[in-house]
Amino acid sequence: MRSVTELRPALLLAILLLLLPALLPAASGGEPASADTASAPPRLLDRIVAIVEDDVVTWRELLQRMDRIERQLREKGIAVPALPSLRRQVLERLILERLQLQLAQRLGIRIDDLTLDRQMERLARANQMSLQQFRDMIVADGIDYAAFREEVRRELALQALHKRMVDQSVQVSDREVDDLIASQSQSLFKDTEFHIRHILVAVPEQATPEQVRKARKKAERLLKALKDGADFAELAARESDGRYALQGGDMGWRPLGRLPRIFVRPLALLKVGQISDIIRSPAGFHIIKLEGKRGGQQAWVEQTHARHILIKTSALTSDADARATLESLRARIEGGDDFARLARAYSDDTGSAIEGGDLGWANPGTFVPEFEAELKKLQPGEISAPFKSQYGWHIVQLLERRKVDNTVDLLRSRARQLLYERKREEQLREWLRRLRDEAHVEYLMPGLAPDEND
């Protein structure tokens, strides 16, 4: 243990201030202490239980946190650990919290009062209460509201720290997403039937490398033709070596259990109408097309196909100017002028302007709320009045709507989120372990260090 003179000045001051009440004789009303009082032993109001780099953990803090955790465990019906074990675990949590907050401070992470106020309002809404009702509930539970706010501030600081130190390094690849979906496909699609077409470029059982090369080259040629728009059924009837070639490669409706295992992975990832990449098996090279899917749980969404013209405001273009420009353009379009030509000439959305303002097919939630709200009002072919969003002023024309099976996209989104959370938890745990291992921590009370017995 370091001597007092070796401690950093700021930490030394904190310790002296903490110990000062214990070093002063008890007195009342400014009167001198009596002989009996003067001879009484010093009275410790609080004490340091651990030194954590430039900070300390006190006995009072430890007891308060233990009390809160005990109440939480009892509310959930979980047995409370034995007191020595609970004390050590809670202290370790406080130590780790201190280390993170010190790092956050060094990195300049600050949670201002406005951010904290907004978080308190969100917490109140999440509990379906007003802020005052939320505050009253906390106080009724015996919790100091000011202390609770500061704890929320600390939590926000820790979240910001984790985002900077861990979250940004978490990467989930498309391959990992595909692998997870494929590994769960039997349960995900247990009540689903697939209608598929199939092309096989056969390879002899004892094929030479040259025969394999020629077969793959043929399969690649067929796949390119399909991607260029060739009819799958016609190509299958003419080129496939499979048993369903003369049916246009049509294998009919089948559950996953009645399909070759090598088809399971690509089928789990295909949308209706899509064609797989080349699939290799001992029999040769396969290409499949998902013609339809039925049964199971499917997620249908209504997509919109729209185009727009955006005018951004600036020091030279006011809201009134932008709106007037769009009203003029809308009148010209309704008078017969070409929307795409005007979008290319006037729109400030450079990404879509080159396409005549075309935004392609979009799922619900793709656009900002103001844009979505205007689209919902329109019938195909109609053009909105000028409206404002965070990007500027728009007019939008709805071209068409369609309903599509969004099951695969939904599965991919859920799988990606699951993998992200799993990886993030692993990396956060490892980062916290390193932070703790590299820190200087001193325990000032017996029985509190992790390696000490009860």
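Bear in mind these aren't lab numbers, they're just calculated from the coordinates by the rules spelled out. Given the structure is predicted, the values throughout are model-derived calculations rather than measurements. All Cβ positions, glycine included, derive from the backbone under ideal geometry; neighbour counts span all protein chains shown.
Using Cβ point charges alone (K and R +1, D and E -1), the dipole size of the chain about the Cα centre works out to roughly 1680 debye.
Taking 7 Å steps out from each Cα toward its Cβ at Asp179 and Arg47 produces label points 5.3 nm apart.
Taking the centroid of alpha carbons for each part, the range 56-124 and the range 335-391 are 49 Å apart.
For the range 208-259, what class follows from the C-alpha gyration tensor (a ≥ b ≥ c being the square roots of its eigenvalues): rounded when a/c is under 1.5, otherwise prolate if a/b is larger than b/c, else oblate? It is oblate, given that a/c is not under 1.5 and a/b is not larger than b/c.
Projecting the Cα atoms of Gln427, Val49, Leu411 onto the dipole axis of the chain, where Lys and Arg carry +1 and Asp and Glu carry -1 at the beta carbon, places Leu411 farthest toward the positive end.
Counting only alpha carbon atoms, the long axis of helix 83-106 and the longest principal axis of the chain meet at about 70°. If the chain linking Arg402 and Asp117 were pulled fully straight, counting 0.36 nm for each residue of separation and taking away their Cα-Cα distance, it would gain 98.3 nm. Short-range pairs are left out: with C-alpha atoms under 8 Å and at least six residues apart, the relative contact order of the range 192-295 is 45 percent. Take the Cα of Asp55, step 7 Å along the line toward its Cβ, and report every residue of the range 71-94 whose backbone nitrogen sits under 11 Å from that point. Hits in the range 71-94 for Asp55 at 11 Å: 94. To the nearest 10 degrees, how steeply does helix 145-165 sit against the main Cα axis of the chain, on a 0 to 90 scale? The two axes meet at around 50 degrees.
A cut-off of 5 Å between modelled amide H atoms, ignoring neighbours fewer than 5 places along the same chain, links Ser389 with His394.
In this Cβ point-charge picture (+1 for Lys and Arg, -1 for Asp and Glu), the range 300-404 has a dipole of about 160 debye about its Cα centre. List the lysines whose alpha-carbon lies under 17 Å from that of Lys224, not counting same-chain residues fewer than 8 positions away? Partners within reach: Lys214, Lys289. Given the alternatives (1) 1.51; (2) 1.20; (3) 1.24, Cα Rg over 2.2 N^0.38 Å as computed for this entry is given by (1). For the range 192-295, a crude dipole built from +1 on the beta carbon of Lys and Arg and -1 on the beta carbon of Asp and Glu, taken about the Cα centre, is about 280 debye to the nearest 20. Across the chain, Cα pairs under 8 Å and at least six residues apart give a relative contact order of 17 percent. The GluC sites (Glu not before Pro) of the range 189-290 that DSSP puts in a loop, and whose beta carbon has at most 12 other beta carbons within 10 Å, are Glu205.
Using Cα pairs under 8 angstrom and six or more residues apart, how large is the relative contact order of the range 109-211, in percent? Here the relative contact order equals 22 percent. Of the trypsin sites (Lys or Arg not before Pro) found in the range 262-355, those in coil by DSSP whose Cβ has at most 15 other Cβ atoms within 10 Å are Lys271, Lys312.
Projecting the Cα atoms of Leu259, Val172, Ser187 onto the charge dipole of the range 167-261 (Cβ charges, centred on the Cα centre) puts Leu259 farthest toward the positive pole.
For the range 114-207, trypsin sites (Lys or Arg not before Pro) meeting the loop criterion (DSSP other than H, G, I, E, B) and having at most 16 other Cβ atoms within 10 Å: Lys190.
Going by alpha carbons, how many degrees (0 to 90, nearest 10) lie between the helix axis of 9-23 and the longest principal axis of the chain? Result, in degrees: 50. In the structure shown, do any of Lys271/Lys293; Lys217/Lys293; Lys76/Lys423; Lys312/Lys388 have a Cα-Cα gap over 19 Å, and if so which? From Lys271/Lys293; Lys217/Lys293; Lys76/Lys423; Lys312/Lys388, over 19 Å: Lys217/Lys293; Lys76/Lys423.
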